[in-house]
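Step one of this worksheet: look at the structure below.
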Amino acid sequence: MSRHAFSHDPQDPRDTPASRSVRQLRPTPPDVRDGRNPAPEGAGRRESNEVREQHSTRDERSNPPREYYVRDRAYLLRDSEMHSLKEIGKFRVIAVTHLAKYAYGGHREQMDKDIRRLARQFLVTDKTIEISQKKTLRVVTLTKAGHRLLKKTNQLPDDQPIYHGLVKPREVKHDADLYRLYQKEVARIERAGGRPVRVLLDYELKRNLNRDLALLGPQKDDPDSKREVAEKHQLQVVNGKIPVPDLRVEYETPELELRHVDLELATRDYRPRAMAEKASAGFSLYGRLEDASRLRRVLDEREITARILTL
């Protein structure tokens, strides 16, 4: 879903209430620590909040904002804010809980501050989406201005796609979970001494694949021609179709060889045949914890030699 030029990009009205999650500290009266006047209940909590605030202030002093220019506009961004922009741009949509965990090491308050500052500069959109009758999910995406900033200032490699806006609101939970899926796989790659270098979402893979299939013209249904196109994109033909993964992670091995792994986030709604095709295509299958046991039963019943990794 594209958005208007950054000078007209509306700010999400929910950004302002989100600031309530960071409490403003009030002066704390000195503790009287003798036997007759013990410290008031809750003093420890106030001291803990003050310590966190002091750490946050020190972090911001050691990480002053820099100016980034796009056309005639200057943006003031700290390194942590720029890092968030790059992560969001690579994955299109990220749940704030996952962004706090992986990009901020669990420091939720610092992430909230950064997101509010980015939203005030119209670089991100912070939204709460209803995913069921009883559940909502707070997610962030880039605006057009955020996308333009990353492109014009060369923050990511030229071959790394950058996305903005929500394309499939109905699938926002699935799409937001891909960032968590990526983190799981990257941890495995790094334990083996590798290094991730690029991320491709299914949108990019499908676009490139369909472009080459269209160039075949009348021969697009020819098995040999289709197989050649699939091989060009390092994919496989299964039952006459070319399955495409949710996510491809390209990485360097310790020997500096470039490889990739194709990842699929399966859900309880997957049909057995679709799962069989994904497994036959060589994808690594992940499932949410609540879906994993059901997905494993499907694989066993269909005698599919694949395993489900838990997200």
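Computed from the coordinates by the stated procedures, all read-outs in this text should not be read as laboratory data. In this text the structure is predicted, and so the values were computed from the model without any measurement. Reconstructed Cβ throughout: ideal geometry from the backbone, glycine too, with neighbour counts over all protein chains shown.
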> So which trypsin sites (Lys or Arg not before Pro) in segment 203-298 pass both tests, a DSSP loop state and at most 12 other Cβ atoms within 10 Å of the Cβ?
Replying inline: none
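Counting Lys +1, Arg +1, Asp -1, Glu -1, what net charge surrounds Phe283 among other residues with beta carbon under 12 Å of its beta carbon?
Details: positive: Arg248, Lys278, Arg307; negative: Glu185, Asp202, Asp246, Asp262, Glu264, Glu277.
That works out to -3.
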> Between segment 81-119 and segment 274-288, what's the alpha-carbon centroid distance in Å?
Replying inline: 29 Å
> Taking amide H positions as placed 1.01 Å from N in the peptide plane, with prolines and chain starts having none, which residues 5 or more places from Arg198, or on another chain, fall under 5 Å of its amide H?
Replying inline: Glu250
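Quick check for me: using +1 on Lys/Arg Cβ and -1 on Asp/Glu Cβ, what's the dipole size of segment 182-253 about its Cα centre, in debye to the nearest 20? Mind showing how you got there, number by number?
Details: 14 positive and 13 negative charges, 39 e Å.
Using Cβ point charges on Lys, Arg, Asp and Glu, segment 182-253 gives about 180 debye.
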> So what are segment 156-311's ellipsoid semi-axes, whole angstrom, largest first, if each one is the square root of 5 times an eigenvalue of the alpha-carbon gyration tensor?
Replying inline: 24, 22, 17
> Applying the Karplus parametrisation 6.51 cos²θ - 1.76 cosθ + 1.60 with θ = phi - 60° to the phi angles of segment 227-243, what ³J(HN,Hα) value in whole Hz is obtained for each residue in order, glycine and proline being reported as x?
Replying inline: 5, 4, 5, 4, 5, 4, 9, 6, 10, 10, 8, 10, 6, x, 10, 10, x
> Taking Lys127 as the anchor, which lysines have their alpha carbon closer than 28 Å to its alpha carbon, excluding any fewer than eight residues away along the same chain?
Replying inline: Lys86, Lys90, Lys101, Lys113, Lys135, Lys144, Lys151, Lys152, Lys168, Lys173, Lys184, Lys206
